[in-house]
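S.K.: Could you have a look at this structure, given as structure tokens, before my questions?
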Amino acid sequence: DAAYLEAMQNYLRAKYAARAPDVIVAAGAEGLRFLVDCRAGLFPDVPIVYTVADRDELAALGQLPPGIVGVPAQPDWAGTVELALRLRPGTRRLVFVTGRGHRDRGQELQLRAVASRFAGRTSTRLWR
């Protein structure tokens, strides 16, 4: 909501008026989007490093401005399932739990693809 974003910008501008951060770490795509949208009015010369944003989320943001860098998150869904099956070798049913947000929908598609690779070893369900 626009009123919230404006209030947050005003708060951060006032809080850091005397001393801007040396670097900002954006945790996740939502935080990064906020900083990209508001950077010019907040901290135009402060470098931003992002984390926990995957390639699809970064693509949705478009070309990032100079001074914003990071490493895209690369979840290892298949490795996670393999580990789970090694920890519980007799597993017959595997359940993936996601939420209902935008990020969760993207993860759900990835999880469904991974689940198909384990179809002969275990049955899978998705809970949201």
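S.K.: Here are some residues: VAL46, VAL97, VAL114, VAL71. Which one is farther than 27 Å from TYR4 by Cβ, hydrophobic (A, V, I, L, M, F, W, C) and open to solvent by less than 40 Å² (accessible area, probe 1.4 Å)? Walk me through it before giving the result.
M.R.: Numbers: VAL46 fails: farther than 27 Å from TYR4 by Cβ; VAL97 fails: open to solvent by less than 40 Å² (accessible area, probe 1.4 Å); VAL71 fails: open to solvent by less than 40 Å² (accessible area, probe 1.4 Å).
After applying the criteria, what remains is VAL114.
S.K.: Okay, moving on. Exposed (fewer than 13 other Cβ atoms within 10 Å of the Cβ), over 16 Å from the mean Cα position of the chain (by Cα) and either under 30 Å from SER123 (Cα atoms) or not small (Gly, Ala, Ser) (or both), is that true of GLN63? Working first, answer last.
M.R.: Details: exposed (fewer than 13 other Cβ atoms within 10 Å of the Cβ): yes; over 16 Å from the mean Cα position of the chain (by Cα): yes; either under 30 Å from SER123 (Cα atoms) or not small (Gly, Ala, Ser) (or both): yes.
Answer is yes for this residue.
S.K.: Being assigned to a helix (DSSP H, G or I) and among the basic types (Lys, Arg) is the filter here, so list the residues in the stretch 4-32 that pass it. Step through it out loud before you land on a result.
M.R.: Let us first name the residues in the stretch 4-32 that are assigned to a helix (DSSP H, G or I), namely 4-15, 29-32.
Across the stretch 4-32, the qualifying residues are ARG13, LYS15.
S.K.: Can you work out which of the residues in the stretch 29-43 that are of a type in the set (Gly, Ala, Ser) and out of contact with any helix residue (DSSP H, G or I) (no Cβ under 8 Å at 6 or more places or on another chain) is surrounded by the most Cβ atoms within 10 Å (Cβ to Cβ)? Lay out the reasoning, then the answer.
M.R.: Looking only at the stretch 29-43, we keep the residues that are of a type in the set (Gly, Ala, Ser), and these are 29, 31, 40-41.
Subset that is out of contact with any helix residue (DSSP H, G or I) (no Cβ under 8 Å at 6 or more places or on another chain): 31, 40.
Details: GLY31: 17, ALA40: 9.
Here the answer is GLY31.
S.K.: Additional query: Mind listing just one residue for me: the one in the stretch 68-104 that is under 30 Å from ASP22 (Cα atoms) and part of a strand (DSSP E or B) and, of those, nearest to the chain's Cα centre (by Cα)?
M.R.: Filtering the stretch 68-104 for residues that are under 30 Å from ASP22 (Cα atoms) and part of a strand (DSSP E or B), the one nearest to the chain's Cα centre (by Cα) comes out as ALA73.
The values are calculated or read from the model by the stated rules, or taken from the named source; none is laboratory data. Everything numeric here is computed off the predicted structure, so don't read it as measured data. Neighbour counts are summed over all protein chains in view; Cβ atoms, including those assigned to glycine, are modelled from backbone coordinates with ideal geometry. Accessible surface is based on the protein model in full, side chains and every heavy atom, while ligands, DNA and RNA are left aside. Shrake-Rupley method; radii C 1.70, N 1.55, O 1.52, S 1.80 Å.
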